[in-house]
Amino acid sequence: MDKKGSVLIISLWILTIISLFAIGLGHRSALILKIAEYQKDRLKAYYFARAGLQKAIAELQKDSNGYDSLDETWSTGKDSMGRPLFKNVEIQKDSGGSFSVQYLYDRTSEMYLCMSDEERRIHINGVSDFDKRKVKILLNTLQIDNAEELANTMVGWMDRNSLIPYAKKQELTVPEELLVVFEYFYKNQGLSEYKQKAMGTYEKIKDHISLYADNKMNINTASEDALTILIQAFLQINPLVPDIIDEAKRLAQRIIQARSSGIVFDKQDATEVIAKLNSSGPPLTSTQSDIITRLLNNYLTVQSNIFRIESIGMVNNTLRIINIIYDRQDKMILYWYEK
């Protein structure tokens, strides 16, 4: 009897162990299937995001009117009827995935953009006196401490004749390189939390700057602050008026006022631009007209070539986001970042 009882107990233990093993194996199999499903969705989302980039690039290539403004499809993401072209787009019906092309909220213009041109920003990838002045004015505008010294360091970092230890001595490739510059600057100032200070400065400046566009700013897309900084830097080098800061603000406001009334500057022609500015407010003075003419010759443009695009691929609850900077003229991707 004792032997039969022992056999029964052993059998029950064996059955329990086998059951636990089967449950564990089932759980592990279910987990593997979930991981496989996630990886499949992740890969599909990646290709949906890439499809969004291709659609955005195709839209940019279609725009050949000779100017770029914020009411065009590349900026609004909508067609002439106001229908969204880049929101939750399905490549194939009931495919379980879609893409959206958007550029996150632009703090400099307080609006959402489908794509954003780099020519609306302050170009800082240069070592000229004009570049240094732009950077210094920008830092002052953003109320960043030690603006002049930091501007000198930023420009000096790229200067081939720089005496700064470990300086790159050439143009920056990606914006994140500024973190190295800022860390060097604040560490030399003796700050114990120099990395946090560098990150804070980078977060303040990153939405206002560009490394990729040339030294010309788009008069149709730049914000009032960006235009003011550009004009102020120009007037510091070319002191055509005694009140440089006020005059820079007045001219920037006139441009924004004209744009707000529906005016688009569609030709790189100073006479026409001045006529459009005069039609939206009091006539410009001869000095103001001269300033606008000189700016259009060297620092202002009506067309953009470099664009920032963010595409989001979505499959079930899985997202893949790709950010690129695209050169429309040369048909090249200059920057690629996935998250």
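Only the coordinates and a few stated rules stand behind these numbers; no lab work does. Everything numeric here is computed off the predicted structure, so don't read it as measured data. A quick note on method: Cβ atoms are made from the backbone with ideal geometry, for glycine too, and the neighbour counts reach across all protein chains shown.
Things worth noting here:
- Our coupling estimate for the range 321-336, obtained by passing each phi through the Karplus curve with A = 6.51, B = -1.76, C = 1.60 and θ = phi - 60°, is 10, 10, 10, 9, 10, 10, 9, 5, 5, 8, 6, 10, 8, 8, 8, 9 Hz, Gly and Pro reported as x.
- Residue among ILE32, ILE137, ILE292 with the largest mean-square fluctuation in a Gaussian network model of the chain, springs linking Cα atoms under 10 Å: ILE32
- Listed by chain and number, the aspartates and glutamates placed with their C-alpha closer than 17 angstrom to that of LYS339 are ASP41, GLU176, GLU310; residues fewer than eight positions away on the same chain are left out.
- In plain terms, the residue of SER116, SER286, SER98 with the fewest other Cβ atoms within 10 Å comes first and the most crowded comes last, giving SER286, SER98, SER116.
- Taking amide H as placed 1.01 Å from N in the peptide plane, LEU334 has its amide H under 5 Å from the amide H of ILE325, TYR326, ASP327, each at least 5 places away in sequence or on another chain.
- Cα gyration tensor, the range 121-299 - rounded (a/c under 1.5), prolate or oblate: prolate
- Here the Gaussian network model covers the chain, with springs between Cα atoms less than 10 Å apart; of GLN232, GLN253, GLN303, GLN253 fluctuates the most.
- Values [x] 5, 20, 25, 20, 12, 6, 4, 3, 3, 1, 1, 0; [y] 4, 14, 13, 8, 10, 12, 10, 6, 5, 4, 4, 3, 3, 2, 1, 0; [z] 5, 24, 35, 25, 8, 2, 1, 0 are given for comparison; P(r) over Cα pairs in 10 Å bins from 0, in percent, derived from the coordinates here, is the one labelled [x].
- FRET efficiency, 1/(1 + (r/R0)^6) with R0 41 Å, evaluated for ARG160 and LYS40 via beta carbons: 0.25
- Extension gain, GLN329 back to ASP269 (0.36 nm per residue minus Cα-Cα distance, nm): 19.5 nm
- Taking the DSSP bridge list for the chain and keeping only pairs wholly inside it, about 90 percent are antiparallel.
- Point-to-point label distance, LEU179-LEU191, nm (Cα→Cβ direction, 7 Å offset): 1.5
- Modelled FRET efficiency - R0 30 Å, LEU33 with ILE9, Cβ distances, 0.05 increments: 0.25
- Karplus-derived 3J(HN,Hα), 6.51/-1.76/1.60, for each residue of the range 235-240, Hz, glycine and proline x: 6, 5, 7, 10, x, 7
- The alpha-carbon of LYS249 sits under 16 angstrom from the alpha-carbons of these lysines, leaving out residues fewer than 8 places away in its chain: LYS134.
- Exposure proxy shown here: for MET314, MET217, MET199, MET81, the number of other Cβ atoms within 10 Å sets the order, fewest to most, as MET81, MET199, MET314, MET217.
- Across LYS204/LYS276; LYS78/LYS204; LYS34/LYS87; LYS136/LYS195, pairs whose alpha-carbon gap is larger than 24 Å: LYS204/LYS276; LYS78/LYS204; LYS34/LYS87
- Within straight-line reach of LYS331, meaning a Cα separation under 22 Å, sit the following lysines at least 8 residues removed in sequence or on another chain: LYS55, LYS62, LYS216.
- Peptides ranked, highest mean first, by Cβ atoms within 10 Å: ranges 279-285, 316-322: 316-322, 279-285
- Vicinal HN-Hα couplings computed from phi for the range 162-171 (Karplus, 6.51 cos²θ - 1.76 cosθ + 1.60; Hz; Gly/Pro x): 5, 9, 6, x, 6, 4, 6, 6, 7, 4
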